[in-house]
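Structure, as structure tokens:
A short reminder: the numbers here are calculations on the coordinates, not readings from a lab. The shown structure was predicted, so the numbers you read here are calculated from the model rather than taken from an experiment. Counting neighbours? That spans all protein chains shown, and the Cβs are built from the backbone with ideal geometry, glycine included.
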Amino acid sequence: MRRVAGPLALFAALAVAVVVAPAFLSDFQAQEAAYVAVYAVALIGLNVLTGYTGQISLGHGAFMAVGGYTTAILMVDHGVRDVWTIPVAAVVAGAAGYLFGLPALRLSGLYLALATFAIAVATPSVIRKFEGFTGGESGKNLFGLPQLTAGTTPVHVLGRQLNYNNWLYYLCWTVAFVVYVVGWLMLRGRTGRALRAVRDSETAALSSGVSLARYKTLAFGVSAAYAGVAGSLYTIANASIYPDTFPVQLSIFLLVGVVVSGLGSLAGLVAGAVFIEFLPIWAQDISKSQGAPSVIYGAILIAVMFVLPTGVAGMARRVATFARGRYDRRAPGTD
Amino acid sequence: MGSPMLGTMGSPVSDFLQQVVSGLASGGIYASLALALVLIHRATGVINFAQGEMATFSTYLLWTLTANHGWPYWPAVGFTLAVSFVGGFGVYEMVIRPVEKGSVLRVVIVTIGLLLLFNGLTTWIWGGSQQSLHSPFPTRTIDVGGVAISVLDLGTIGVSIGVVIVLWLFFQFTKVGLAMRAAATNPAESRLVGVRVSSMLGLGWGLAAVLGAIAGALAAPSLASLDPNLMQATLIYAFAAAVLGGIDSPAGAVVGGLLLGVGLNLLGVYVGFIGADLRLPAALAVILVVLLVRPGGIFRRRVVSRV
Amino acid sequence: MRRRLVLCSVAAALAFSAGAAALAGTARTAADPGVTPTSILLGGTVPLSGVAAAYSSVAVGANAYFKYVNAKGGVNGRRIDYTYLDDQYNPANTVQLTRKLVEQDKVFAIFNTLGTEPNLAIRPYLNQLKVPQLFAASGDTSFGADAAQYPYTIGFQPSYQAEGWILGRYMRQSHPHAKIAVIAQDDSYGRDLLLGFKRGLVGGSAKVIAAQNYEVTASDVSSQIARLKASGADTLAIFATPQFAIQSYVYASKLGWKPFVLTNAVSSASNIMVLASEGGTNKTVNGSVSVVFLKDPTDPRWSKDPAIVLYRSIMAKYAKGANVKDVYNVYGMAVAYATVDLLKRLGKNPTRAGLVAATDSMNITDDPFLLPGIVIKTGPKDHFPINQVYFQQWVNGGWKQFGSLVTYKSQ
């Protein structure tokens, strides 16, 4: 019980903060916070893949695209209400991830990064090619559809009236908390230990009877399902989807976000999501000259890898252990 | 207004050969960048996602010397190659060496960071509009039986093959080359015999940067203009070429590049579904299939991992 | 253990409030959105970085022109503030940044946002909120054609379909037996041009006998040009962006193919043609025909023209370091001039509805950055501000206008 008390209290604190925050945020800021939740969902999933089984994916934007287009097609072509498309997006993207995870078993480290990088680069072209399905370049527009909750008129939830921005905020953060709890439940106990064993030493894991194939593909499927949910929420938040909505930079930023977060706690992942959402805006505030923001991103990425090799969560942990006065050898994610 | 020259309809054979020839030309560009990728991987075990952007940066340096500062072409080339060498070495020392002992993930993120950094730098310093770079070879075209072959394309392929030969001679017969090979395959034991491993690795990056600059100097005239996106698409094709040929084999990079160029052209022309718009995904498929079916590529080198 | 918990909670709270603090924007306190007694705020997004970065000069030129107007007293006593953000040509970024401009920065209108996908992505939102989407920088036909559904949205340049039609009609009349090969970018820009072109050919004997397209992420189009040459066509129509237009000329010449060439306005800037001519050695460019509606700053015809002289002085003063040869800066000034004209008409109390009414009834005959005679005109049945172009032909290393003003009437 003691092991659970700490993180539970933290979780509760965060939940309270999220519920209460809109009172202090403007409408638009609530919308920005909703995007932070969307990225957090993707990062929670990618954390399972990279933090737990150590597989590198530079292509999770593609799984977000799968989820996003599932939502868009269901809403526009089949009139499905936006919230009901989210679980469908999770299943479709998860299946895609699992299917990719099967051949990906044979790739390791750098080669997996390379293969997933190539997928991320090719995604917009593939979306364009299948335009009968995806709408091609004209994309799909959700704004104004009755299936888009609160799109035109405020929605009533639990006795409160929410306009579009606030509805988005609560939708995205609720989903984020739900998927986090689901993930936490899944990673406790045997599954989590097996996944971590895969990361720490594949050979050792094999020799202790962990089925590598099963857990590695499981990790891919799960992380892709999360990315699909994130893509679905992203599409709902943008109220539109186009081939260029999921460029290779998105995949890069997702991996960066998960590394910055320290491959660990929810707070770290939220910090990583904040990083993804606001870095482009901060970079533009610093300089609007052409090319300058890219220079800033690149410099910051490199600097973060130097200064915070274990990310934000790692830094928080190191501060905590320093305060406690001894070196803690526990693996990340076991808070 | 003069009268236009009527298009001459060639035979299906000469059309086919023309596609092959232009495929070889594109392939030569992929090969030259793939050589840089292979060199870095072979020397340091790193896949450098920033290779294309570093090459573009070097190409812009060459351009600005010749176009804006009036330097003659070949001295500018020499200067650019020298600066690229120092730059590559410097990038390794300052940015890669500190993180390469850590997880693979950190190294990947750092090279991605370099990709963004160099791409931004190029646009920031020189802007985004189209420029023109002087070609090292005459731009004449030779007509062989209805098939047009440009001297520049022949030169590009020739330079790539030449680089492979020079690299082979370097690695086989020079002390430095031998030291580099030792440092790459067995750093611990190389140190025991006095090889300065980290310098060798830095040397590898420096040489790769030189190869990248050469690739850019050939690509910009071949692709008819220079802009900051010069190598963005080519990088993926270069990865595909390197993977296809064997990621540790310079000869493989060239063979892979040429095969890829011709293959993509022929697939695009003769397989209607792929056409021109699935060219990039087709290259991606090559990467995936090769990595899954025969990970070492065509000229693979067996590596056994010890537990 | 408890200390650890406290530290973690503090870290989380810090992270969250840092995020919240970061969200705090600078809200403008104004009576009407974007309008204060001394200023009007316009906002938009352009791709300052990424593959489409070359077109971002439309914002630079417009911004410089507004600064010039402000220095002379502004419009009805108000200065025009124009803020533009980098969306990297990603419609998702366009949506978020546009919402920021509308909901946080409270702009009066969204102005000069560049790109087809980006503008499509924000169109329903802006129309629902009744925020003018002024002078979308895209030739996509839908921005004029869908006026009934999206009255707050309007484009500026001649639509791609109009341009294609004009070129097709020219071929029908001047090269009636031509066999035409087309290379087109695989997106709505290329497709609209081709669609209009084919419509313009209807009724004549000139025909499109081969068409090739290429994806935006292609590295080279040598294969496509080889196939087009193999079709036996005597004319090549280039519906491609500058990088690939240059390649089309170069590869055609390499293959020994010297067709008659039509090129589109986006790629017809003189500096692009000069690059394609490979220092004069590539003869394929000679005789190319294109259409044009802006004054090209590298065209010696306009070197003493008062508008271009003004352009240069404005750029030197308010856009130091920008590339003066870039015709997209001129586009920016042309559209800014039209905007100033509109804002003047709104008088002392500009409103968004008033702006939209004014854009629906434009009749600007003196935009100095457009070619002489070209009028910016809209009406109840015409939601396309510019429908006129001139033909030009590339001779002796420069464009030479020929023929009279061409006006497109939608079919």
Legend entry - Label-to-label distance, nm, for residues given as residue B:69 and residue A:153 (7 Å Cα→Cβ offset): 6.8
Inset, instruction - Write down, largest first, the equivalent ellipsoid semi-axes of the range B:130-252 in whole Å, where each equals the square root of 5 times an eigenvalue of the alpha-carbon gyration tensor. - result: 34, 16, 13
Inset, instruction - Compute the distance in nm between two label points, each set 7 Å from the Cα along the Cα-to-Cβ direction, one at residue C:83 and one at residue C:404. - result: 4.9
Legend entry - Using a Förster distance of 56 Å, the FRET efficiency for residue A:16-residue C:396 (Cβ separation, nearest 0.05): 0.15
Inset, instruction - Please find the FRET efficiency linking residue C:377 to residue C:202, where r is the Cβ-Cβ separation and R0 is fixed at 30 Å, and quote it to the nearest 0.05. - result: 0.70
Legend entry - Alpha-carbon centroid distance for the pair the range B:48-93 / the range A:7-34, whole angstrom: 49
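Give me the net charge of residue C:330's neighbourhood, meaning all other residues with Cβ under 12 Å from the Cβ of residue C:330; Lys, Arg count +1, Asp, Glu -1.
Values: positive: C:295, C:312, C:325; negative: C:296, C:299, C:305, C:326, C:367.
Residues near residue C:330 contribute -2 overall.
I'd like the antiparallel share, as a percent to the nearest 5, of DSSP beta bridges with both residues in the range C:63-210. Each step should come with its number before you reach the end.
Numbers: 1 of 8 bridges.
Antiparallel bridges make up about 10 percent of those DSSP assigns within the range C:63-210.
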Legend entry - Over the range C:147-294: Rg over Rh, Cα atoms, Kirkwood Rh: 0.98
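Just to be sure I follow the definition: excluding the sites themselves, where is the longest run in chain A that has none of the trypsin sites (Lys or Arg not before Pro) in a DSSP loop with at most 16 other Cβ atoms within 10 Å?
Values: sites that count: A:81, A:106, A:188, A:288, A:326, A:329, A:330.
Free of exposed loop sites, the longest segment is A:189-287.
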Inset, instruction - Enter the mean number of other protein chain beta carbons within 10 Å of the beta carbon of each residue in A:53-65, as an integer. - result: 1
Legend entry - Inter-chain Cβ neighbour average for residues A:14-26, partner chain, 10 Å: 2
Inset, instruction - Take each of the peptides B:260-269, C:82-91, average the number of other beta-carbon atoms within 10 Å over its residues, and list them starting from the highest. - result: C:82-91, B:260-269
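Only helical DSSP H runs with n ≥ 4 go in: add -39500 (n - 2.57) per run for the protein assembly as shown, normalise by residue count and round the 222 nm mean residue ellipticity to 500 deg cm²/dmol.
Values: 39 runs with 610 residues, N = 1053.
Only helices count here, giving -19000 deg cm²/dmol.
Kirkwood Rh, the range B:89-182, all Cα pairs: how many Å?
Numbers: mean 1/r = 0.0561 Å⁻¹.
Kirkwood hydrodynamic radius for the range B:89-182: 17.8 Å.
If you restrict to DSSP beta bridges whose two residues both lie in the protein assembly as shown, what percentage is antiparallel, to the nearest 5? Intermediate values should be presented prior to the final figure.
Numbers: 29 of 60 bridges.
Restricted to the protein assembly as shown, the bridges split so that about 50 percent are antiparallel.
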Inset, instruction - Work out Dmax and Rg for the range B:221-284 from the C-alpha atoms and quote the Rg first, both in angstrom. - result: 12.5, 34
Inset, instruction - Answer with one residue from B:35, B:202, B:127: the one whose Cα lies farthest towards the positive end of the charge dipole of chain B, charges on Cβ with Lys, Arg +1 and Asp, Glu -1. - result: B:202
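Can you work out the FRET efficiency for the pair residue B:154 and residue A:81, with r the C-beta to C-beta distance and R0 = 41 Å, to the nearest 0.05? Provide the component values of the computation, followed by the final result.
Working: r = 62 Å, r/R0 = 1.51.
The formula returns an efficiency of 0.10 here.
Using the 2.2 N^0.38 Å rule of thumb for compact globular proteins, work out how the range A:7-137 stacks up: its C-alpha Rg over that value, please. Walk me through the numbers before you get to the answer.
Details: Rg = 17.6 Å, N = 131, 2.2 N^0.38 = 14.0 Å.
Cα Rg divided by the expected 2.2 N^0.38 Å: 1.25.
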Inset, instruction - Answer rounded, prolate or oblate for chain A, using the Cα gyration tensor with square roots of eigenvalues a ≥ b ≥ c: rounded when a/c is under 1.5, else prolate when a/b is larger than b/c, else oblate. - result: rounded
Inset, instruction - Provide the packing ranking of B:225-233, B:128-136, B:205-213, i.e. peptides ordered by the mean count of other C-beta atoms within 10 Å per residue, highest first. - result: B:205-213, B:225-233, B:128-136
Legend entry - Label point 7 Å beyond Cα of residue C:281 along Cβ direction - residues of the range C:229-260 with amide nitrogen under 15 Å: C:250-256
Inset, instruction - Would you order A:64, A:75 from fewest to most other beta-carbon atoms within 10 Å of each residue's own beta-carbon? - result: A:75, A:64
Legend entry - Protection proxy ranking, peptides B:27-38, C:234-245, B:65-76, C:198-209, average beta carbon neighbours within 10 Å, highest first: B:27-38, C:234-245, C:198-209, B:65-76
Inset, instruction - Working from the alpha-carbon coordinates of chain C, get Rg over Rh, Rh being the Kirkwood radius. - result: 1.03
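Please work out whether the protein assembly as shown counts as rounded, prolate or oblate from its C-alpha gyration tensor, where a ≥ b ≥ c are the square roots of the eigenvalues and a/c under 1.5 means rounded, while otherwise a/b larger than b/c means prolate and anything else oblate?
On the way: a/c = 1.77, a/b = 1.14, b/c = 1.55.
Since a/c reaches 1.5 but b/c is at least a/b, the shape of the protein assembly as shown is classed as oblate.
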Legend entry - the range C:42-62-the range B:134-193 distance, computed between alpha-carbon centres (Å): 40
Legend entry - Beta bridges by DSSP in chain C, antiparallel share as percent, to the nearest 5: 40
Inset, instruction - Filter the DSSP H helices in chain C by two things, a Kyte-Doolittle mean of at least 1.0 and an axial alpha-carbon span of 24 angstrom or more, and list the hits by number. - result: C:2-23
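Could you sort out which of A:140/C:381; C:72/C:325; A:129/C:229; A:288/C:320; C:198/C:409 sit more than 19 Å apart by Cα distance in this structure?
Among A:140/C:381; C:72/C:325; A:129/C:229; A:288/C:320; C:198/C:409, the Cα-Cα distance tops 19 Å for A:140/C:381; C:72/C:325; A:129/C:229.
Can you run the Rg to Rh ratio on the range A:89-178? Use alpha carbon positions and the Kirkwood inverse-distance Rh. The partial results should precede the final answer.
Values: Rg = 18.7 Å, Rh = 16.7 Å.
Here the Rg-to-Rh quotient is 1.12.
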Inset, instruction - Would you mind pulling out the separation of the Cα centroids of the range C:237-253 and the range C:165-231, in Å? - result: 12
Inset, instruction - Rounded to the nearest 10 degrees, what's the angle between the helix B:250-270 long axis and the longest principal axis of chain B, both from Cα atoms, 0 to 90? - result: 30
Legend entry - Furthest towards positive pole of dipole, C:306, C:247, C:228, structure part the range C:199-315, Cβ charges: C:228
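Across the residues of A:141-147, average count of Cβ atoms on other protein chains within 10 Å?
On the way: counts 5, 1, 9, 5, 1, 0, 0.
Per residue, the number of nearby Cβ atoms from other chains is 3 on average.
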